[in-house]
Structures are given as structure tokens and as C-alpha cells.
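Single-structure report; data block below.
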Amino acid sequence: RLARHGLRWRRPYSSVAASDIEHFKTFLPPNAILTTLSPSNLASSELDPFNNDWMGKYRGQSTTVLKPKTTQQVSDIVRWCASREIPIVPQGGNTGLVGGSVPLRDELVVSLANMNSVRSFDPVSGILVADAGCILQSLTDYVAPHNHIMPVDLGAKGSCHIGGNVATNAGGLRLLRYGSLHGSVLGLEVVLPDGTILDQLTSLRKDNTGYDLKQLFIGAEGTLGIITAVSILTPPSPQASNNVILALPHFDNVQPLYRTVKRQLSEILSAFEFIDRTAYDLAVKHSQGRALSDEDVEGAECFVLVETSGGRREHDEQKLEDLLSSLFDEETPLINSGVLSQNPAQFSSLWALREGVTEAVSKEGKAYKYDISIPLASFQTVVDTTREHLRSKGLLGDHAVKHVLGYGHVGDGNLHLNIVAAAYMPEIQDALEPFVYELVASYRGSVSAEHGIGAMKTHALHYSKNDVSIEWMKKIKALFDPKGIMNPGKVLE
Ligand code: FAD
Ligand code: 2HG
Ligand code: ZN
């Protein structure tokens, strides 16, 4: 895989040696050092969770994982690695979907898992300052009693870290309402590639004092430094939330439906998520949420999940009911049916049908994932064209590609094109790339809407970024990380 994508080391990096372990022991407790090097001789399988990615697609051969507890420890690690030219992979919850969070070779893994304390929370402003290794769900639970929510939510919330979310600029299910992390992150603390601690952990809503350096680390995927803490604006919890799944007879109805829903629900619309029929069937097959009735799904080509979040239950429910009746009153209704949640369990179950697709896909087989920004009108065409292309290559079938499906964030113009195969195979890879990237480029789209570039798409960056942009990205990388030790082979080739 490395050779095929042209990934290569540009420099003669050092490997972690037993003498490095001796040095790490001078400032890290024994339980913060996991290594297969002597004298510890840990079995290499014990490092599997750090060397293998979530999809089982990328595999590194790191011998050593460090789990610092303080920013100073992170700084000491990085300073040492810079002097020894040992490459580092910063790792959060290891739920990334582009191979960015695992080593390509034997880089040192620095896991943020032990940096998991909340530093402060102001219930008046809603500003939360937390260590980078805090799990997203635990932060949601932390702010909930104060009637706040996290501005970001995604299917991996039980494992992913806030630092990982920021490092990937994760979008997720609430972007439509609360915008991107470029807006809600107010400050960061980052250990730079020479070990310097950059303290930009401010909690100011407004701060126009020159270049906004923290923005560079949001979405840098660990290539410019290690994020050790995040200051983030959390919105107040909505007083009422409702959701409904709408079954559509044709994909062509999605666009007019989105316009109607936006117009009628206006300020209470908080999510408008899309799953095609294959995605729905896989979610049901793998028990993600409760299946809708046969009657509700009959003749449905795709589904849309609409969520409302507002200030007064009766008002919001009325608006939702008015929307549904107006949709059915049309001469040619845009929807076949609508299933409205009646209680919190149903609310979660409807969400699970959408959120659980990634999990379902991973249970079904090995996934090729294309996370793309393209015009909404072309979502279905891209899925169908890719399926037909694979068919024309003779690759559709139980022993090769089992399913081609589309789902995603309609409001953000973000389609998740997933190709589920019996196994990862070079023929499928060759059929998909550059085919998919050329298709995306034909729409002037983005080859990565929200998951990042990681190791998967370094060679495809040019489909979405011109030469001048890539040149300046490389200059920025060289300025921050002249030795190239921070997550090498990721984002930039
Ligand atoms: P990791 O996977 O550990 O790392 C991801 C990248 O960030 C790597 O390059 C790593 O080096 C870097 N990194 C991690 N922590 C730090 C740090 N502290 N400092 C510097 N660099 C760091 N993404 C979306 O955008 N929207 C979704 O809706 C969404 N849903 C998902 C659902 C599932 C079931 C799964 C498995 C993934 C999903 N993702 C989604 C992918 C998403 O990128 C991750 O879930 C999440 O943002 C990554 O966080 P993490 O802590 O697991 O980071
Ligand atoms: C989602 O929106 C995630 O569910 C994951 O971004 C998408 O697995 C995928 O392709
Ligand atoms: Zn997504």
C-alpha cells in the first residue's frame, strides 16, 4: 500500500531504541510506557490497539506507546524526539477513518488517553476548557447537568477525544446548527514539534490581535504539533428536541424537501441527514436502531432524518406536525411516510438508524470510504455511477464488492460514499482510484469533507487544492516542523 500511494520517508528518521526508553523513564511513570523493547519485552500484540486503525485497513509497527499525563511530559517527550529525530504519531481515540492516527512504520505513538481532566467550565458563558484526551461523550455528560451540550456530536462519541475531533476538524451531526470547530474552538494549548508549549488557551469570544494561529492546528491532523488542551464554547441545551424519519420515493425529492423543511421549520431545524436505501437496510440488518414498519419503508428509495431543537416543546411539535401534514397535502407528496419519535427511546432509535451506518458497514465487510463534498443534486448520481463503474469492471458480487451506498450530511453538502467489500483487494482499489477523485473534481468538490487526508489521501490532495495552496501548506509545515517528525506521511506527501 505504501508503494502504491508513493508514501515514503523523506528523511533518515531514528527508531526508538532501548536507550530512549531509559530516558523516558526519567520523567514518566512505568505505566505510561508501553514498549516491546527490552527490558520490558511486552508482546507486540499488546500494542495492536495502537498500531491498527478502526477500519482494520492501516497497520503500523510501532514498538513504543507513551501515555503522558501532563503537558510538560508531552513537551519533554517531543523535545527528546526532536533531538533524536524520532517521528511521532499523536493518537486520540483512534477512530479516524483515513489512516492518520496509526504509524506507517515504527513511529513513536503518543497517546493522549491519560490527559482526560476537565480544567474548567463556566456555566454562564458555557466555555469549557478540557484536556485533549477527554472522550467526547464524557464531556457531553460533564456539561449536561449545567444544561449545556457539546457543539459537536458524532457516531464515535464514546471513544473519540476532543483533541482528535479538533485535530481532524470533525464535522458530524450538529454542524448544521452549531457550525464548524473553526468557530466554536476558542483556544488551544499545543506542544510544537520542537517541544515548545504554545499557550493559546484563551476563553475570549473576540480576539483580533493578529494572526489566529490556533486555526492552523484545527484540521492539521497532528502534523503541526500535539494539542494538549482545548477551550470550546458549548451551547445551552435545547429545551425540546424531536426527530422524524421521512421515507422518500425518489432521491430527486431530497432537494425540494430540504427547501421546504428549512422554510417551515426555520430556526428549530437542527439536523437534516440522508441515508439511502442500502444504508438503511444495512443499519437494520446489523441492529442499529429499530426497523421502521414494512408499510413505512415500502417503495422508499432513501430516507431523511430531520431533527428539531428549540425552546418550547408545544411550539416545536406543532411546527413539525404542520410540516408533516403540509407534506402529505401536496398533490404529489415528496414523502411516502414519516415516523415521528414519541419518546426519548424512540428519539435515540431513529438517530441510531443514521448514526449506526458506519458501525453496520464495518460489521458487513471491509469498507472503502470516500467522504466528499459535492453538490447535493449529484449525491445519487455519484453513488450510482460508482456502482455501475464497479459492475462494468466485473467487481460487483459477494466475493468482491457487496454494496455501494451513500449517506451523509445534506445540509453540509457532504456525502459518505461507502463501498463494502468482502476484503480489501488491489483490483477494487484500482477501480476506485482515481475514478472517484476525478468524479469529485469534475464537480469542483472536496476529496475530504470532514474526515481529513491522513495517510489515505495524500496523493489525492491535488484534486481539491491547487499547486499554490499545496506549496504554502508545505511551507507552513516546514516552518513549524523543519525536522518533519510530526506525523510524517500524513496530509502532505
Ligand atoms: P484519532 O483517530 O486518534 O486521530 C485522528 C487524527 O488526529 C490523527 O491524524 C491523529 O494524529 C490526530 N490527533 C489525534 N489527537 C490529537 C491531538 N491531541 N493532537 C494532535 N493531533 C491529534 N468524523 C466526522 O467528521 N464526522 C462524523 O460524523 C464522524 N463519525 C464517525 C463515526 C464513527 C463510528 C467513526 C469510527 C468515526 C467517525 N468520524 C467522524 C471520524 C472522525 O475523524 C473521528 O471519529 C474523530 O474526530 C477522531 O477523533 P479521535 O480522538 O479518535 O482521533
Ligand atoms: C458519519 O457521518 C461519519 O456517519 C462516518 O462521518 C462516515 O463511515 C463513514 O463513511
Ligand atoms: Zn459524517
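The values are calculated or read from the model by the stated rules, or taken from the named source; none is laboratory data. Keep in mind that what you see is a predicted model, and the values were worked out from it rather than measured. Methodologically, a virtual Cβ is constructed for each residue, glycine included, from the backbone with ideal geometry; neighbour enumeration extends over all protein chains shown.
Annotations for the structure displayed:
- Among all residues of the range 192-204, there is none that is touching a Lys or Arg at 6+ places or on another chain (Cβ under 7 Å), surrounded by 15 or more Cβ atoms within 10 Å (Cβ to Cβ) and closer than 27 Å to Y407 by Cβ.
- Test: residue in the range 52-70 that is more than 18 Å from the chain's Cα centre (by Cα), surrounded by fewer than 16 Cβ atoms within 10 Å (Cβ to Cβ), of a type in the set (K, R) and away from ligand 3 (no atom under 16 Å from the Cβ): yes
- Scanning the range 397-424 for residues that are crowded, with 16+ Cβ neighbours inside 10 Å, under 24 Å from K363 (Cα atoms) and of a type outside the set (D, E, K, R) yields a total of 17.
- Close pairs (8 angstrom Cβ cut-off, 6 or more residues apart or separate chains): closer than 16 Å to P103 by Cβ in the range 15-35, modelled with pLDDT of 95 or more and among the acidic types (D, E) anywhere: S15/D106; V16/D106; L34/E46
- Selected residue (criterion: nearest to ligand 3 (Cβ to nearest atom)) from residues of the range 417-461 that are charged (D, E, K, R) and over 27 Å from A167 (Cβ atoms): E438
- Selected residue (criterion: farthest from A17 (Cα to Cα)) from residues of the range 95-107 that are more than 16 Å from ligand 3 (Cβ to nearest atom) and touching a strand residue (DSSP E or B) at 6+ places or on another chain (Cβ under 8 Å): S101
- Flag for L216 being modelled with pLDDT of 95 or more and either crowded, with 24+ Cβ neighbours inside 10 Å or on the phi > 0 side of the Ramachandran plot (or both): no
- Looking across the range 279-300, the residues that are part of a loop (DSSP other than H, G, I, E, B) and hydroxyl-bearing (S, T, Y) come down to S287, S293.
- Residues that are in contact with a His (Cβ under 7 Å, 6 or more places away or on another chain), of a type outside the set (A, V, I, L, M) and under 30 Å from K483 (Cβ atoms) do not occur anywhere in the range 236-258.
- Filter result for S373 (of a type in the set (S, T, Y) and within 15 Å of ligand 3 (Cβ to nearest atom)): yes
- Residues within the range 38-63 that are closer than 12 Å to L108 by Cα and either basic (K, R) or in contact with a strand residue (DSSP E or B) (Cβ under 8 Å, 6 or more places away or on another chain) (or both), tallied: 6
- Any pair with Cβ under 6 angstrom, 6 or more apart, that starts in the range 405-420 at a residue that is within 16 Å of E433 (Cβ to Cβ) and ends at one that is within 14 Å of ligand 1 (Cβ to nearest atom) and at pLDDT 95 or above: L417/Y370; N418/V361; N418/A367; N418/K369
- As for the range 311-321, it holds at least one residue that is touching a residue at least 60 places away in the same chain (Cβ under 8 Å) and not in a helix (DSSP H, G or I).
- First in the range 70-86 and more than 17 Å from A478 (Cα to Cα) and in contact (Cβ under 8 Å) with a residue 40 or more places away in the chain, second anywhere and part of a helix (DSSP H, G or I) and of a type outside the set (D, E, K, R), Cβ under 9 Å, 6 or more apart: Q73/A32; D76/F24; I77/F24; W80/H23; W80/F24; R84/H23
- Lone unmet requirement of (1) closer than 18 Å to L269 by Cα; (2) free of Cβ contacts under 8 Å to residues at least 40 places away in the same chain for L350: (2)
- Only listed residue being away from ligand 2 (no atom under 16 Å from the Cβ), outside the structural domain of L216 (by TED's automatic domain parsing) and among the charged types (D, E, K, R), chosen from D106, D141, D122, D131: D106
- Filter result for the condition that a residue is more than 16 Å from ligand 1 (Cβ to nearest atom), surrounded by fewer than 23 Cβ atoms within 10 Å (Cβ to Cβ) and either over 29 Å from G179 (Cβ atoms) or at pLDDT 95 or above (or both), over K477, K465: K465
- A431 vs. criteria small (G, A, S) and free of Cβ contacts under 8 Å to residues at least 60 places away in the same chain: yes
- Scanning the range 71-87 for residues that are among the hydrophobic types (A, V, I, L, M, F, W, C) and surrounded by fewer than 24 Cβ atoms within 10 Å (Cβ to Cβ), we see that the one that is farthest from T36 (Cα to Cα) is A82.
- Residue count, the range 363-415 (criterion: within 25 Å of the chain's Cα centre (by Cα) and either within 16 Å of ligand 2 (Cβ to nearest atom) or basic (K, R) (or both)): 33
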